[in-house]
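Shown next, in structure tokens, is the structure this report addresses.
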Amino acid sequence: MIDVLIIGSGGAGLTAALNAKKNGSEVLVVSKTYPTHSQTCQAQGGINAVLNETNDDNNQNYINDTYKASHNLGNQKNIKYLCENSKNTLMWLDSIGVPFSRNKNYGIAQRKFGGTKAKRTCYSSDYTGLKILHTLYDQCIKEEIEFLNEHYLLDLIVEENCVKGTIVLNMQTSELIQIAAKTVILATGGYAGLYHQFTTNSFVSTGDGIAAAFRAGAKLSNMEFIQFHPTTLENKNILISESARGEGGYLVDKDGNRFIDELKPRDEVARAIFKKNHDGEKVYLDLRHLGIEKIQEAMPQERRLVIDFLNLKMEEDLIPINPSAHYTMGGIETDIDAKTSIKNLYACGECSQSGIHGANRLGGNSLLEIITFGQVAGKNASDSAKEIDDLSISDIQYKKNEKQIEEIFEKETNLDYLKIKKEIGKLFFVNVGLFREEKKLIKALDYINKKKEEISKIGIKNKDKIYNKNLIELLELKNLITLCEPILLCAIERKESRGAHYRVDFKDKSLEYEKNSVCLLKDGKIKNYFEDVL
Amino acid sequence: MNIKIKRFNSEQDIDEIVDYDIKDNKTILESLIEVKIKYDESLAFRCGCRTGICGSCSLRVNGVEKLACKSKLNENDLIEPIKNTKVIKDLIVDLEHESKLLKKSNTFLNKLEETTISKEDEKLIDTQSNCILCQSCFSSCPIYEVNDKFLGPYALTRALRYVDDKKESHKVQTLEKIQDNGVWDCTLCGNCTMVCPQFIDPKTDIMNLRMKSVQNGFEDRSMQYMTGAGFAGGFDTGFDPTGGFNPNGF
Ligand SMILES: Cc1cc2nc3c(=O)[nH]c(=O)nc-3n(C[C@H](O)[C@H](O)[C@H](O)COP(=O)(O)OP(=O)(O)OC[C@H]3O[C@@H](n4cnc5c(N)ncnc54)[C@H](O)[C@@H]3O)c2cc1C
Ligand code: SF4
Ligand code: SF4
Ligand code: FES
């Protein structure tokens, strides 16, 4: 029997798997992609850590910076754990073979990111996520961890608020499988894919795990906080990492003038750029003064991307940029043990709201979070599994999902789900983007309510069972739509501006809202309230 | 602009080349999405990052491996799935061999050597550790047609990445694993090097591994292969020189 079932094989899932296995558990990793196709490979800039406490930097500074960036919504205990443990986390990654860039003194090199005065971000040139993810994968192969690749999580099996396994769909055959497990870890990534065509995210970041947890009654939290990255290639939404500014790059307007301190937190920089874009002005990233050598050494991948996608050279040309949706701070609420509000269900990585980022995330903190809490989730899920002897499950959930899939195959469809996905992306970028206000949020909510109705009626034209991508795309879209409501309800209720959530009708922070928003499904109805930050 | 896509549907047992009329000057990935929206939503292909880093979108254009998200098309180009593995549907192929090849090639850190790492040490494995496991090299390699047990270019490049890693204290363990169906089976044709979107040179990596193998006391089997049965001369590599060097950047 499986002790620990992990859904998702990005950085968070692979770390959890390694740790659960090390702790003596039978582990299975189920994922809708192959491990190295996960979005973690896209992280360029780096991973934060205080490697040596010196006059320049120490753990307390790191804690303060992270808490400050969270706009007082971070959980101090969890932040403290993350930061104080950061050196250990880095040392572990280093010890399993991640080839971090080095400095002259044989130490791990560090660079400066926004929202901090210290050089705290460790990196592997600008392939940090890629190298971490691949090294984790190599270790999983070494440890003979079992994978079910291209299997799609449909729903969790939850009985009396206790998880007992999941129902997954074999993408190659469209068959359903019930997987019983003593404990389950969700590591399915974030939901910025919702901003389709206005996001840096992979096509696969569609918030499936969060939607499944929500349907099963788990608490979601802070769903309204969505981070926009200031610098992505104009109209392509391809990221140029914060390291470009960290290494000394400028942001300039059409006249070549700098207009903001480049190392301010992301939300402020992104809004300043968006405003200019909105007024029809272009904004550029200027790296010319860094010189080709520095650029080649610190950002070879990004230099290549600019050549490939804009036909420009970083060392010679100004790079036109715009902000796009990048990271989602909200997710399944977890505590310091990576526990969710459902028994034996754990969550880690971007799908969780682990009390670290609050209203805004510091660059480089996500990679650290996925590894830190991946370890925590793996260990704790494994410990809990040891206390469970037998598992009895009914087939109610299986039957439900079976019916759902059959219906999708049977229905005649006259709605174009790909078009709906595009519409929602644009609607959210315009109405639930960097600047928000009540009437626009309500407009979006009305649209979503209508679409929810419509989409429940549609099926797919393509009736093949072998690798039916249309089936997966429709299911993903349904999950995104499921998450729209919590996002919008929380955004409407939060009548203040805080971090990534900026309301033009409530421009200031309000003490009344120094709280985490919560959304959960109870008896078929959404409950939406605020709770104190612990 | 006209493009041709080789489509395969195992359920209906159809294997056909279909022509589509699309707008030009877009990436292959954007073109595939256009085909899906305009003509046939059932067209199946993998994609993720759309920035050339997740390695999921490799395919062949006129017989040359490319990443769909980073390459552009020309009139009448033929798009096909990658080779040397089973096609599941349209451009989607079976990738289950990946972890098996890596496992057999022992491509992971066996045991940590407590040591200091310099900038130069790190640079030594930088290129190899940029591999995105896109399988382009695997698809281009002619050996698989005669030996499906061959460990192949990306697995061997990854082996070198660990053999050259100063953190590894058990290098010989990895070298040992790549002797059979490994470094000596490669014909050094260079196809893999030509198609790698990450500018990795598996052919040279394999030559390096041969040298390190001999240095570590393993038998030099290159002569044996040159004169022995099976691989003697006149091997058709299937490589199309008109593909140009590294077709993946545009
Ligand atoms: C372009 C870019 C650059 C970034 N740069 C940085 C950076 O420099 N530093 C930093 O700290 N952070 C960065 N981030 C953020 C960071 O990369 C992510 O937050 C982090 O990698 C998320 O990891 P994860 O393991 O939680 O999820 P992911 O890597 O997204 O993995 C999710 C996994 O879940 C699986 N999955 C999803 N749904 C299902 C389902 N229904 N069934 C089965 N499996 C499923 C997926 O297949 C995948 O394997 C960046 C993000 C992007 C997009
Ligand atoms: S070596 Fe190059 S071609 Fe081969 S899998 Fe790696 S990145 Fe792809
Ligand atoms: S050089 Fe060797 S590994 Fe590369 S394609 Fe040729 S035979 Fe295969
Ligand atoms: S979509 Fe990721 S490499 Fe092409």
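When chains B and A come together, the accessible area they lose, probed at 1.4 Å and totalled over both chains, is close to 5200 Å².
Neighbours of residue A:463 by Cβ distance under 10 Å: Lys/Arg scored +1, Asp/Glu scored -1, total -1. Please report the antiparallel percentage of DSSP beta bridges with both residues in the protein assembly as shown, rounded to the nearest 5. Bridges in the protein assembly as shown are about 75 percent antiparallel. If you build the convex hull over the alpha carbons only and average its shadow over all orientations, what do you get for segment A:352-510? Give it in nm² to one decimal. Taking a quarter of the hull surface, the average projection is 13.3 nm².
Of the GluC sites (Glu not before Pro) found in segment A:302-384, those in coil by DSSP whose Cβ has at most 10 other Cβ atoms within 10 Å are A:316. Solvent-accessible area assigned to carbon and sulfur over the protein assembly as shown amounts to 48 percent, based on a 1.4 Å probe. Here segment A:477-491 and segment A:241-267 have alpha carbon centers that stand 32 Å from each other. Given the C-alpha centroids of segment B:46-73 and segment A:1-73, what is the distance between them in whole angstrom? After rounding, the separation between the Cα centres reads 28 Å. Counting only Cα atoms, chain B measures 59, 45, 34 Å along its principal axes, largest extent leading.
Put simply, segment A:234-325 fits an ellipsoid with semi-axes of 20, 14, 12 Å; these come from the alpha carbon gyration tensor as the roots of five times its eigenvalues, largest first. Counting only protein heavy atoms and a 1.4 Å probe, the protein assembly as shown has 37 square angstrom of accessible area per residue.
When the pairs B:167/B:203; A:419/B:38; A:219/A:509 are compared against a 19 Å limit on Cα-Cα distance, B:167/B:203; A:219/A:509 fall above it. Counting every alpha-carbon pair across segment B:84-152, the share separated by more than 18 Å comes to 54%. For each pair in A:495/A:527; A:426/B:89; A:313/B:123, compute the distance between the two Cα atoms and list the pairs where it is over 27 Å. With Cα atoms farther than 27 Å apart: A:426/B:89. Which stretch or stretches of segment A:260-297 have amide N atoms under 16 Å from the point lying 7 Å from residue B:126's Cα along the Cα→Cβ direction? So the set is A:291-297. Loop-located GluC sites (Glu not before Pro) in segment A:146-218 (DSSP state not H, G, I, E or B) with no more than 11 neighbouring Cβ atoms inside 10 Å: A:160. When +1 charges are put on Lys and Arg Cβ atoms and -1 charges on Asp and Glu Cβ atoms, the dipole computed for segment B:9-146 relative to its Cα centre reaches about 420 debye.
For segment B:35-103, the spread of Cα coordinates along the three principal axes comes to 41, 24, 22 Å, biggest extent given first. Shielding value for B:103-115 is 3, the average number of Cβ atoms from other chains within 10 Å of each residue's Cβ. Subtracting the Cα-Cα distance of residue A:177 and residue A:343 from their residue separation scaled by 0.36 nm leaves 57.6 nm.
Straight-distance candidates among the aspartates and glutamates for linking to residue A:104, with alpha-carbon spacing under 13 Å and chain neighbours fewer than 8 residues away dropped: B:120, B:121, B:122. With N as its number of residues, chain A has a Cα radius of gyration that, divided by 2.2 N^0.38 Å, comes to 0.93.
Working note: Karplus 6.51/-1.76/1.60 with θ = phi - 60° gives segment B:130-142 the couplings 8, 4, 9, 6, 7, 6, 4, 4, 4, 5, 7, 7, x Hz, where Gly and Pro are set to x.
Among B:137-147, B:112-122, A:358-368, sorting by the average number of other beta carbon atoms lying within 10 angstrom of each residue, highest first, gives A:358-368, B:137-147, B:112-122.
The values are calculated or read from the model by the stated rules, or taken from the named source; none is laboratory data. Please read all numbers here as calculations on a predicted model, not as lab measurements. Methodologically, a virtual Cβ is constructed for each residue, glycine included, from the backbone with ideal geometry; neighbour enumeration extends over all protein chains shown. Ligands, DNA and RNA are stripped out before the accessible areas are found, and what is left, the full protein with its side chains, is counted by its heavy atoms. Shrake-Rupley method; radii C 1.70, N 1.55, O 1.52, S 1.80 Å.
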